[in-house]
Amino acid sequence: MTTNSRWHPWRTLRDHHPEYVVICSHRLHRSRMAYQNGKWIWLCSTLSQAERRCTLTHEIIHLERGPCPPGSAAARREEVVVNELTARRLITADALINAFRWQPHPNPADMAEELWVDIPTLDTRIRTLSPFEVADLEHKLDGDWSYPWSSH
């Protein structure tokens, strides 16, 4: 993947996991965005396009990483890792820099829309910027960027 191309979870699923079937026609229970069982992945029918993109990427990363470790603490840690990997896969450093060029002082909804992700994924990406990535943002944007919950 080049730095200018966007991650396409549907294409990745088709090319690397063709045995999986995605169903988007059912409303899932409460706040559940997805459910995976065997070779079936259900995405909640109420999700926006960006939410479906983020949620499917999340599920693909679970497929790549294998079964979740046993125990609730290990499962919570695994979710944190998968959330960060999802955010990094969907929002490259270059894409983030370009989005800040368009709107140096964005609100989360506008920035998420620009990046074609949901707000929680954007939040995760901002919160988990490496020191190198923060320095790169600072350098390439001449220090002119802010985010409502960033700590730069």
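In the full protein context, the chain carries 59 Å² of accessible surface per residue, based on a 1.4 Å probe and ignoring ligands, DNA and RNA. Of 80, 21, the order by accessible heavy-atom surface (1.4 Å probe, DNA, RNA and ligands excluded), from most exposed downward, is 80, 21. Helix 72-90: angle to the longest alpha-carbon principal axis of the chain, degrees 0 to 90, nearest 10? So the inclination is approximately 60 degrees.
3J(HN,Hα) couplings calculated from phi for the range 55-70 with the Karplus curve 6.51 cos²θ - 1.76 cosθ + 1.60 (θ = phi - 60°) are, in sequence order, 5, 5, 4, 4, 5, 5, 5, 4, 4, 5, 7, x, x, 5, x, x Hz; Gly and Pro show x. For the chain, the longest principal axis of the Cα atoms and the long axis of helix 131-140 meet at an angle of about 50 degrees.
Rounded, prolate or oblate, given the Cα gyration tensor of the range 1-59, with a/c below 1.5 counting as rounded? Could you put the intermediate results ahead of the total?
On the way: a/c = 2.70, a/b = 1.45, b/c = 1.87.
Oblate is the answer for the range 1-59, as a/c is 1.5 or above yet b/c matches or exceeds a/b.
Just order 66-75, 128-137, 31-40, 89-98 by mean Cβ neighbour count inside 10 Å, highest at the front, would you? Don't jump to the answer; show the numbers that get you there.
On the way: 66-75: 9.5, 128-137: 14.0, 31-40: 12.2, 89-98: 19.0.
In decreasing order of mean packing, 66-75, 128-137, 31-40, 89-98 become 89-98, 128-137, 31-40, 66-75.
For the chain, the mean residue ellipticity at 222 nm estimated from helices alone is -16500 deg cm²/dmol, where every DSSP H run of n ≥ 4 contributes -39500 (n - 2.57) and the total is divided by all residues, rounded to the nearest 500.
If you average the C-alpha positions of the range 55-110 and of the range 116-148 separately, how far apart do those two centres end up, in angstrom? Measuring centre to centre over Cα atoms gives 13 Å.
Compute the signed sum of charges (Lys and Arg +1, Asp and Glu -1) over the other residues within less than 14 Å, Cβ to Cβ, of residue 129.
On the way: positive: 88, 125, 127, 140; negative: 84, 94, 123, 133, 136, 138.
So the surrounding residues net to -2.
The values are calculated or read from the model by the stated rules, or taken from the named source; none is laboratory data. Being a predicted model, the structure only gives us computed values, none of them experimental. When we count neighbours, we look across all protein chains shown, and the Cβ atoms used for this are built from the backbone with ideal geometry, even at glycine. Side chains included, ligands, DNA and RNA excluded: accessible areas come from the protein's heavy atoms. Shrake-Rupley method; radii C 1.70, N 1.55, O 1.52, S 1.80 Å.
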